[in-house]
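A short write-up of the structure that comes next.
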Amino acid sequence: EDKVVQSPLSLVVHEGDTVTLNCSYEVTNFRSLLWYKQEKKAPTFLFMLTSSGIEKKSGRLSSILDKKELFSILNITATQTGDSAVYLCAVITNAGGTSYGKLTFGQGTILTVHP
Amino acid sequence: DAMVIQNPRYQVTQFGKPVTLSCSQTLNHNVMYWYQQKSSQAPKLLFHYYDKDFNNEADTPDNFQSRRPNTSFCFLDIRSPGLGDAAMYLCATSREVRQETQYFGPGTRLLVL
């Protein structure tokens, strides 16, 4: 069974801090890893990572994938209260020869940023 | 703006009373997905359509059905909702077979009384 594990489960920081969120996976037929941010609504896409060692950046957020060690990290620098959310990691796999990519989510990391 | 739209945003139904949730997309994506997300849990895939080809996850209860009458619309039917079906239902789309990023709608929160 495909498994995606995120750590920590929750994190409380103050504005300006830098945080690192972790995602490890054990899956069959890995294709890509996605990061989403979820506030009180649907997940919002952040990054898709397919290749090892290539950092993706968007403003204060960055992410990198290590396909050898089977993990990814999401970094947020100079955190703001608006970064408070659940951060979901998901892995796409080839689902038994079907044409689509099956998305398996981790349980999420709840980030709370205090002023 | 191109997007994934879900209606209604909140749905209240009675125990055992059939309910239908709807999803539409203006992205012209081929693949549409339905997820169930319970409180403090990750989204769980129920089923997906690649064009008109329907794919059910092995552990999706028979109580859940889906219809996709055309590219733009997809419906989730819950035939006899139980208290355990109260959850957020998320619709998502992806463009093509090899286009892997899934774009989510705002979700419908279902409450079963």
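The values are calculated or read from the model by the stated rules, or taken from the named source; none is laboratory data. Computed from a prediction, not measured in an experiment: that's the story for all the values here. Quick reminder, even Gly has a Cβ in these numbers, built from the backbone with ideal geometry, and neighbours come from all protein chains shown. When the accessible area is computed, the model is the full protein with side chains, heavy atoms only, and any ligands, DNA or RNA have been set aside. Shrake-Rupley method; radii C 1.70, N 1.55, O 1.52, S 1.80 Å.
Annotations
- Top-ranked residue of the range A:87-101 - restricted to ones that are at pLDDT 85 or above and more than 10 Å from chain B (Cβ to nearest Cβ), ranked as surrounded by the fewest Cβ atoms within 10 Å (Cβ to Cβ): A:Tyr87
- Residues of the range A:18-43 that are open to solvent by 70 Å² or more (accessible area, probe 1.4 Å) and hydroxyl-bearing (Ser, Thr, Tyr): A:Thr18, A:Thr28.
- Complete set of residues in the range B:49-65 that are within 12 Å of chain A (Cβ to nearest Cβ) and in contact with a Phe, Trp or Tyr (Cβ under 7 Å, 6 or more places away or on another chain): B:Tyr50, B:Phe54, B:Asn55, B:Asn56, B:Glu57
- Annotation: of all residues in the range B:69-92 being over 10 Å from the mean Cα position of the chain (by Cα) and open to solvent by less than 20 Å² (accessible area, probe 1.4 Å), the one that is nearest to A:Tyr36 (Cα to Cα) is B:Ala87.
- Residue match in the range B:39-47 (condition: modelled with pLDDT of 90 or more and closer than 17 Å to B:Arg9 by Cα): no
- If you go through the range B:93-110 and pick out every residue that is open to solvent by less than 20 Å² (accessible area, probe 1.4 Å) and either modelled with pLDDT under 90 or among the acidic types (Asp, Glu) (or both), you end up with 3.
- Taken over the range B:38-48, the criterion of being more than 9 Å from every other protein chain (Cβ to nearest Cβ) and open to solvent by less than 80 Å² (accessible area, probe 1.4 Å) is satisfied by B:Lys38, B:Leu46, B:Phe47.
- Taking strands (runs of 3 or more DSSP E) as the structural unit, those lying wholly within the range B:1-106 and holding at least 3 residues that are touching a His at 6+ places or on another chain (Cβ under 8 Å) correspond to B:31-37.
- Set A:Thr112, A:Thr50, A:Thr104, A:Thr81: member being within 15 Å of the chain's Cα centre (by Cα) and open to solvent by 40 Å² or more (accessible area, probe 1.4 Å): A:Thr50
- The set of residues from the range A:23-76 being in a loop (DSSP other than H, G, I, E, B) and of a type in the set (Gly, Ala, Ser) comprises A:Ala42, A:Ser51, A:Ser52, A:Gly53, A:Gly59.
- Filter result for B:Gly107 (in contact (Cβ under 8 Å) with a residue 60 or more places away in the chain and away from chain A (no Cβ under 11 Å)): no
- Residue identified as farther than 28 Å from B:Glu57 by Cβ, away from chain B (no Cβ under 11 Å), touching an Asp or Glu at 6+ places or on another chain (Cβ under 9 Å) and of a type outside the set (S, T, N, Q) among A:Ile76, A:Ile54: A:Ile76
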